[in-house]
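The values are calculated or read from the model by the stated rules, or taken from the named source; none is laboratory data. Because the structure is a prediction, the values reported are computed rather than measured. Every residue, glycine among them, receives a Cβ derived from its backbone with ideal geometry; neighbour counts consider all protein chains shown. Surface accessibility is based on the protein's heavy atoms, side chains included, excluding ligands, DNA and RNA. Shrake-Rupley method; radii C 1.70, N 1.55, O 1.52, S 1.80 Å.
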Amino acid sequence: MTMEQFAPLMFAGLIVVLLIGFPVAFSLAAYGLLCGFIAIEAGWFPPEFMSALPLNVFGILSNDLLLAIPFFTLMGAVLEKCGLAEDMLDSMGQLFGPVRGGLGYSVIIVGFVLGAITGTVAGQVIAMAMISLPVMMRYRYDLRYSTGVLAASGTITQLVPPSLVLIVMADQLGRPVGDMYKGAWGPAILQVLLFAAYTFVLSRLRPAAVPGVPKEARTLSGRALWIKCLRGIVPSAVLIFAVLGSMGGLPGLDHAIATPTEAGAMGAVGAFLLAALHRRLSWPLLRDALAGTMRITAMVVFILIGSRVFSLVFQGVDGGKWVEHMLSGLPGGQIGFLIAVNVFIFFLAFFLDFFEIAFIILPLLAPVADKLGIDLVWFGVLLCVNMQTSFMHPPFGFALFYLRGIADSLFKSGTLPRPVPSRDIYLGALPWVMLQLLLVVIVIFVPETVTVFLDKEEKIDLDKVRIEMPVDPSDTAASEPDLDELFRDRPPAADPAASAP
């Protein structure tokens, strides 16, 4: 076996190892070390090559950008448990309820707002399902639509800033987090509009599937209802603008006054203030939030260490060159590369988590995209849009698992009048997965959906560049020679006529 043959076999073995089901961080590190020993025995690189591994691991742990992950995770965990979702869903449900599909609109809007301040799919899907699913079933909403909109609105979290996925993408692509956030706003807003448009069309084609809530079912109206809506939205909006605005992650802001880590710390403090405002701040809430933050942060760090072990060995056997030659030779240039990569990521997301894809696959794809002239911020946002579907894939989508579990719990407690079949959950997810894939196609062929909010790059024409040296007016006289002074002491020139014989 040659080194050129070992790289594709190593990549194929990676897919097999990831599908075994053992924790990815440890299986990935063990597989990378095993391939490293094989490569050393075959003489493809010396043992000293592996001495770079401790330095790589230390570089991961000393990365200041990754410090933002525990802060944003803590912010989301606190807001997830402080009752903000319940208050917003109740007020929005009463505001939009009388309209056909109104409960669906309220779930989509609240999912978008919560996604911008929490960043956790699991908590968002569970919280909204516990509140909205019984109400939707009570007013005879179509069960497949109900489960689909609840799962899909939870996955918006992965795209709406300050998403943890975008932070990881920025780190792996070497781009500012603020630029990734600005680029994600366009697809995030477009995703909400697509979901709302689907609800609107369904309400016209099948009115019985998304009926309006009777007005007599509303407990609030008029000024009291608007006050309750604003009480949930305004503090959340202030927190979003404070966190994202300070790090330059909002459209129209050219400068950042805080790093992502500092903005995350400020967001965590703001989450505690919001929890106190809702009178939900307590020691049990704090303990649960810190425990959840610790679990997610440890998972991210260990996956990153395992992926670095694999990446070091894979690059040592020229795996990066193999991937580059394979992908850069695809027909169709940039479009062919983007279609192939997105199809690959879509099917890979059936089995892998978005963190695993970002840490393992993205470092292999980014150099090829850069050489093809693809903007890496746009490329990262595009893959983030694609990886949304990893939570919605039947039958492996985690959002569907969360929904399945909470539906069973609600039925056993008597909150739901009848059980929710798994078939309805899976079939209900399909239209929303198609809408997410439609967004992928739109972003590929209309890149302005991402770049519209990015800072415009200034182009300089080198042929028109002029360099002018400043001149001090006080030195003008000294810099110009005085002709009278030069010729004052010089003897007069001889007259040729006088010297002629």
Counting other Cβ atoms within 10 Å, which trypsin sites (Lys or Arg not before Pro) in the range 226-306 have at most 10 and lie in a DSSP loop? 279
Please give the net charge around residue 268, taking every other residue with its beta carbon less than 14 angstrom from that of residue 268, where Lys and Arg add +1 and Asp and Glu add -1. -1
Given Cα pairs under 8 Å that are at least 6 residues apart, what percent is the relative contact order of the chain? 25
Reported to the nearest 10 Å², residue 324 has, with a 1.4 Å probe, an accessible area equal to 40
How long is the range 353-431 along each principal axis, judged by its Cα atoms, biggest number first, in Å? 57, 23, 17
Neighbourhood net charge (14 Å Cβ-Cβ; Lys/Arg +1, Asp/Glu -1) for residue 293: +1
Accessible area in the full protein assembly, largest first, 1.4 Å probe, for 203, 409: 409, 203
Rounded to the nearest 10, the angle in degrees between the Cα long axis of helix 24-42 and the longest principal axis of the Cα atoms of the chain comes to 50
At a probe radius of 1.4 Å, what is the per-residue accessible area of residue 3, in Å² to the nearest 10? 40
Does anyone have the angle between helix 260-277 and the longest principal axis of the chain? Alpha-carbon axes, 0 to 90°, nearest 10? 30
Relative to the longest principal axis of the C-alpha atoms of the chain, give the angle of the C-alpha long axis of helix 164-173, reported between 0 and 90° and rounded to the nearest 10°. 30
Volume per residue (Å³) of the convex hull spanned by the alpha carbons of the range 125-219 is 121
Which labelled figure in (1) 1.01; (2) 1.18; (3) 0.96 is Rg/Rh (Cα atoms, Kirkwood Rh), once derived from the coordinates: (2)
Net charge (Lys, Arg +1; Asp, Glu -1) of residues whose beta-carbon lies under 13 Å from that of residue 151, residue 151 excluded, is +1
What accessible surface, in Å², does a 1.4 Å probe find on residue 378, ignoring ligands, DNA and RNA and rounding to the nearest 10? 20
How would the range 1-68 be classified by its alpha-carbon gyration tensor: rounded, prolate or oblate, with rounded meaning a/c under 1.5 and the a/b versus b/c comparison settling the rest? oblate
Sort the range 48-156 into rounded, prolate or oblate with this rule: let a ≥ b ≥ c be the square roots of the eigenvalues of the Cα gyration tensor; rounded if a/c is under 1.5, and if a/c is not under 1.5, prolate when a/b is larger than b/c, oblate otherwise. prolate
Could you tell me which of rounded, prolate or oblate describes the range 232-282, using a ≥ b ≥ c as the square roots of the eigenvalues of the alpha-carbon gyration tensor, with rounded for a/c under 1.5 and, failing that, prolate when a/b is larger than b/c and oblate otherwise? oblate
Calculated FRET efficiency for the pair residue 434/residue 279, C-beta based, R₀ 51 Å, to 0.05: 0.75
Normalised contact order of the range 233-308, rounded percent, pairs of Cα under 8 Å and 6 or more residues apart: 20
Each label sits 7 Å from Cα toward the beta-carbon; between residue 427 and residue 15 the label points are separated, in nm, by 3.1
Summing -39500 (n - 2.57) over every DSSP H run of at least 4 in the chain, dividing by its residue total and rounding to the nearest 500, the 222 nm mean residue ellipticity is -22000 deg cm²/dmol
Give the relative contact order (percent, whole number) for the range 261-370; include only Cα pairs under 8 Å separated by 6+ residues. 29
